[in-house]
1. With no solvent and one point on each alpha carbon, what is the Debye value of log10 I(q)/I(0) for segment 340-404 at q = 0.21 Å⁻¹?
2. Which FRET efficiency, nearest 0.05, do E142 and R483 yield, Cβ-Cβ r, R0 41 Å?
3. Run down the aspartates and glutamates and flag those whose C-alpha is under 12 Å from the C-alpha of K498, throwing out any fewer than 8 positions away in its chain.
4. Using Cβ contacts closer than 10 Å as the measure, can you line up S476, S471, S426 from fewest to most?
5. Please compute the net charge surrounding D519, taking Lys and Arg as +1 and Asp and Glu as -1 over other residues with Cβ under 13 Å from its Cβ.
6. Return the calculated 222 nm mean residue ellipticity for the chain, to the nearest 500 deg cm²/dmol, obtained by summing -39500 (n - 2.57) across DSSP H runs with n ≥ 4 and dividing by the residue count.
7. Please report E429, E38 as a ranked list, fewest other C-beta atoms within 10 angstrom at the top and most at the bottom.
8. Report the Cα centroid-to-centroid distance between segment 113-190 and segment 292-344 in angstrom, as an integer.
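Each value in this text was obtained by applying a stated rule to the coordinates, not by laboratory testing. If you're wondering where the values come from, they're calculated on a predicted model, not measured in any experiment. Neighbour counts are summed over all protein chains in view; Cβ atoms, including those assigned to glycine, are modelled from backbone coordinates with ideal geometry.
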Amino acid sequence: MTQRVLILASANNGLTQRAALAVRRSGRTARISIVHCESDIRRAVESADFDIVVCPYLTTKIPADIYRRWTCVILHPGPVGDRGPHSLDWAISEREPLWGVTALTAAEEMDAGPIWSTRTFGLPWRRKSAVYNTVVADAAIECLVEALDKADRAVSPTPQAETPQPIVHARRRPAMRRRDREVRWSDDTATILSLIHASDGSPGAPATIAGLPMLVYDAHHGRDDALAPPGTLLGRRDDGIEIACGDGSIWVGRLRSSGGADPSCKGPAAQALAMAGFPVQALPVDERKSHEIRYRREGEIGFLTIDFYNGAMGSGQCRRLLAAFAYAAAQDTKVVVLENDGAYFANGIDLSAVELSDGPEGEAWRNLLAINNVCRAILTCSTQVTIAAVTGSAGAGGVMLALTADLVVAADRVVFNPHYQTIGLSGSEFHTYTLPRRVGGDTAQRLLHDCQAIDAVGAADLGLVDAVAPSAQFGSWLTELARESAHPSRWAAIMAAKQSRLSDLNAIERAELRRMARDIFRDENEFRRKRQAFVLRDLRHPSTAGL
């Protein structure tokens with residue numbers, strides 16, 4: 001009999017989607033129920049149409065009568081022996097070199113139940129949202145499938161006292177409080193970055209910037225010399241600002257005002273400060289390139305690497321990416337690879353920057369035109385074979401950006417959300433040309449209207465991507481693919497195919513823009529409400545308890 005799995009989660013985030021897809025990929029059935037309180041959990045189990053409950057991301061405690069009746073597997077983002085609601089936050093803030101994920105049975109004491117499976121891994125020193133959606137999620141999926149296999153074979157979990165503890169200092173920890181996360185600019189940069197990384201993307205690290213109470217996200221190392229008193233704003237670059245610390249500086253990419261009565265969304269740092277009343281334009285401009293877009297060359301192959309916060313591509317990022325792609329396409333290489341560095345490939349326009357702008361509708365339109373320009377440049381590139389190498393999840397316009405390349409490949413951890421309707425848009429990025437070209441008209445319409453996530457293997461089955469490779473070996477596999485594509489005969493065949501399939505992009509874009517104009521300016525599909533609900537979602541789910 002097929003094992004039936006009920007997934008209880010506090011949000012339908014990337015890990016929840018990966019969990020459901022992995023369960024179904026293993027031959028089981030899966031039903032997702034989003035729950036926010038005990039009553040929600042009780043309603044979710046009323047039908048009893050399941051054999052086992054799994055909780056990849058749950059901030060609400062399961063009632064005792066429910067976990068005593070059904071096996072409930074919790075995915076905890078910590079190694080054996082670690083307990084508490086903010087495990088990953090503590091590990092990142094304390095710069096743990098090795099960490100883990102454990103699948104355990106729900107019990108009265110949090111994270112104290114018998115253990116089904118566990119994994120350990122090197123913990124990169126990066127922002128929590130990036131760590132969570134890569135190495136942590138990878139380990140969690142492995143633990144989940146192993147736990148389900150054991151339960152299906154009636155293998156009992158092992159009591160914690162009898163389970164080896166690979167990280168000997170793992171222990172019970174309290175919730176991380178606001179004062180534990182608070183940034184003191186007089187501290188050294190490593191300490192400050194650790195706090196900000198640990199609090200990103202939720203709830204943010206509290207700090208005072210230019211006398212304003214802010215929550216800080218998306219921080220990167222700046223200079224090594226202390227150039228001004230700690231807390232001094234040194235300059236701006238693109239959307240980021242540079243702040244002096246005790247022994248140097250850091251760059252901050254995202255901020256959220258925490259001083260007002262009304263909730264505010266996080267957004268580009270310079271924009272958030274300007275909205276709070278600080279004269280950002282008075283800061284000196286730093287002309288050095290940011291970390292968001294990088295280019296390197298390996299023989300006949302150019303690699304254009306993007307790292308946009310949560311995959312959001314604002315108008316400025318799109319303009320800079322367009323310029324970077326034009327530079328890459330002008331080199332005497334054979335292949336340009338567009339790849340991501342981090343947990344996201346791209347998710348389309350930057351809804352937070354749109355929401356924080358003086359005129360959201362106008363900014364959404366400008367952002368849309370800017371991302372279209374990038375897509376057009378890739379589609380019409382006549383000098384290079386283009387490869388989109390997707391190693392992080394992609395949604396909406398980010399999926400369609402990838403589809404403009406000649407070849408689209410993905411790592412096996414990737415989740416695609418090739419649709420727009422959940423945000424109230426009909427879509428652009430030439431998707432009415434690229435999506436049917438790959439999957440056929442009927443499947444394209446189904447993907448756009450069903451609004452379902454698909455995993456990388458499923459995307460390959462549909463023809464959405466050309467190939468899938470294991471995440472752990474993806475870099476070397478991609479390099480070999482790029483070299484094969486640069487071989488004269490293969491290169492000529494791809495370039496000839498590209499020329500034969502080009503359509504009237506101007507007509508395609510005009511048709512898409514007509515529909516998008518109604519979405520944005522007439523609000524025919526509730527873009528305004530859905531956008532605001534999306535950008536304020538962190539305020540509704542501030543906890544990182546569980547995964």
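1. Relative scattering, expressed as log10 I(q)/I(0), comes to -0.89.
2. Result of the calculation: an efficiency of 0.85.
3. Output for K498: D406.
4. Working: S476 10, S471 17, S426 20.
Least to most surrounded, the residues fall as S476, S471, S426.
5. Once all neighbours under 13 Å are counted, the net charge is +3.
6. Details: 21 runs with 205 residues, N = 547.
The per-residue figure over the chain is -11000 deg cm²/dmol.
7. Listed from fewest to most nearby Cβ atoms, that is E38, E429.
8. When both Cα centres are located, 33 Å separates them.
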